[in-house]
1. Go through region 82-113 and give me each residue that's surrounded by 10 or more Cβ atoms within 10 Å (Cβ to Cβ) and assigned to a loop (DSSP other than H, G, I, E, B).
2. Kindly indicate whether T136 is at pLDDT below 65, in a helix (DSSP H, G or I) and β-branched (V, I, T).
3. Do any residues in region 68-80 that are assigned to a strand (DSSP E or B) have Cβ atoms under 6 Å from those of residues that are surrounded by 10 or more Cβ atoms within 10 Å (Cβ to Cβ), where the two are at least six apart or on different chains, and which pairs are they?
4. Among the residues of region 209-224, are any without any contact (Cβ under 8 Å) to a residue 40 or more places away in the chain, buried (at least 17 other Cβ atoms within 10 Å of the Cβ) and of a type in the set (S, T, Y)?
5. For region 68-81, enumerate the residues that are out of contact with any Ser or Thr (no Cβ under 9 Å at 6 or more places or on another chain) and either surrounded by 12 or more Cβ atoms within 10 Å (Cβ to Cβ) or not basic (K, R) (or both).
6. Report yes if some residue within region 107-120 is at pLDDT below 85, more than 30 Å from F35 (Cα to Cα) and not aromatic (F, W, Y); otherwise report no.
7. Among the candidates K232, K211, K228, which residue alone is of a type outside the set (A, V, I, L, M, F, W, C) and within 50 Å of the chain's Cα centre (by Cα)?
8. Within the set of pairs 6 or more residues apart or between chains, which connect a residue that is assigned by TED's automatic domain parsing to the domain that holds Q11 inside region 32-46 to a residue that is in a strand (DSSP E or B) and of a type in the set (S, T, N, Q) with Cβ atoms less than 6 Å apart?
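The values are calculated or read from the model by the stated rules, or taken from the named source; none is laboratory data. Remember, it's a predicted structure, so these values are computed and weren't measured experimentally. Note that we place each Cβ from the backbone using ideal geometry, even for glycine, and neighbour counts take in every protein chain shown.
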Amino acid sequence: MFAVLKTGGKQYRVQSGDMLRVEKLAADAGEKVQFNEILMLGGDTPVVGAPLIDGACVQAEVIDQIKGEKVIHFVKRRRKHGSQRTKGHRQQLTLLRVTDILDKGADKSGVKAAIGAGSVTGAKVVSDGQYAKNKTQQAEMKKRVSEGQADEKSAEKKAAPKKAAAKGGDDLKQLSGVGPALEKKLHEAGVTSFAQIAAWTEADVAEMDEKLSFKGRIEREGWIEQAKELTKG
């Protein structure tokens, strides 16, 4: 008698006594596990599931947790400045010995079901109290996120008047050598009016010259004198 079972996204045809390597299971060496996803039972009267056979199972003993053969993954990009990468991988597997094939009574066998090491079905069953607690935590998290977004919007609104003030300042492009890009730099540095420039001291000029990399442009273009004249006008 043989069976076709499904585990780890693959199908295996097995008989009693067969040694089998499957995707890693959450079980230790020496434990007995049971596969409940049986697609077919073969023998004198073959039975095919639709898609599974109710009550059928395959029981096996875990021999060891092993690794498969190394697989080399090589990627090369043929470009002027191309790159290449080599990675090796060994799949984690479980070595089993098939002990029994049952056509019925799987739910009463007492053997634990074979569960993949990363399977969602292996997660703990959440009680009603835990579920309610998790829902409450999720609600609190959503509330915090929404409050954080509200704080961000509030901060943007507070910053908006500063931007408006910058837009409502003097047209600094009237200064010699100042274009839109340079005017933007001055606005970012907090300079928005001719009065500010007219009041600059030597220390202010040196600081601004270093901060915005003007390289002596302020004195060379005579911005302070121009600003004083424009302020009077």
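1. First, pick out the residues of region 82-113 that are surrounded by 10 or more Cβ atoms within 10 Å (Cβ to Cβ): 89-107, 109, 111-113.
Within region 82-113, R90, Q91, D103, K104, G105, S109, V111 qualify.
2. no
3. Pairs that qualify, where the first residue is assigned to a strand (DSSP E or B) and the partner is surrounded by 10 or more Cβ atoms within 10 Å (Cβ to Cβ), are V71/H89.
4. Checking region 209-224: not a single residue is without any contact (Cβ under 8 Å) to a residue 40 or more places away in the chain, buried (at least 17 other Cβ atoms within 10 Å of the Cβ) and of a type in the set (S, T, Y).
5. At the first step, the residues of region 68-81 found to be out of contact with any Ser or Thr (no Cβ under 9 Å at 6 or more places or on another chain) are 68-71, 78-81.
Matches in region 68-81: G68, E69, V71, H81.
6. Kept after step one, since they are at pLDDT below 85, are these residues of region 107-120: 117-120.
Restricting the remaining residues to those that are more than 30 Å from F35 (Cα to Cα) gives none.
No, there is no match, as no residue in region 107-120 is at pLDDT below 85, more than 30 Å from F35 (Cα to Cα) and not aromatic (F, W, Y).
7. Values: K232 fails: within 50 Å of the chain's Cα centre (by Cα); K228 fails: within 50 Å of the chain's Cα centre (by Cα).
Result: K211 is the single residue among K232, K211, K228 that is of a type outside the set (A, V, I, L, M, F, W, C) and within 50 Å of the chain's Cα centre (by Cα).
8. Q34/Q59; F35/T7
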